[in-house]
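The values are calculated or read from the model by the stated rules, or taken from the named source; none is laboratory data. Small disclaimer: the values here were computed from a predicted structure and weren't measured. Neighbour counts are summed over all protein chains in view; Cβ atoms, including those assigned to glycine, are modelled from backbone coordinates with ideal geometry.
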Amino acid sequence: MPEILVEFDRSTQSIGALREAAYRIIRDASCRIDAAPRHRYVCHLTPKQEHDDAGVGGLRDRFLDLVTDENLREKITEETSAVRDVILALAFGALATKREDAGSE
């Protein structure tokens, strides 16, 4: 089966998103991620089933879509982390207050 190579610039692409995308495509292809010269990541996709040229292109496109999705998830996580931390602090603070009130009765 032909190997599909997809390259990314390490300065703009996180390894975490590539790993998550590799995991999400695992049913259809194996993925090996290598750090390459010139600050690149090279993803080697090996299809698990025989594909014609259209299927190979579809697998590559699906992987790129998954990487894009993971990049967006990382961005949202980063942008909302402060709000999430406040919500968690308030929630756990309320639990601690309830425990203290219950213990004083």
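Within the stretch 49-70, being at pLDDT below 95 and farther than 12 Å from ILE4 by Cα holds for GLN49, GLU50, ASP52, ALA54. The set of residues from the stretch 20-44 being surrounded by 14 or more Cβ atoms within 10 Å (Cβ to Cβ), closer than 22 Å to LEU72 by Cα and among the aliphatic types (A, V, I, L, M) comprises ALA21, ALA22, ILE25, ILE33, VAL42.
Within the stretch 69-89, does at least one residue satisfy the condition of being touching a residue at least 12 places away in the same chain (Cβ under 8 Å), surrounded by 10 or more Cβ atoms within 10 Å (Cβ to Cβ) and β-branched (Val, Ile, Thr)? No.
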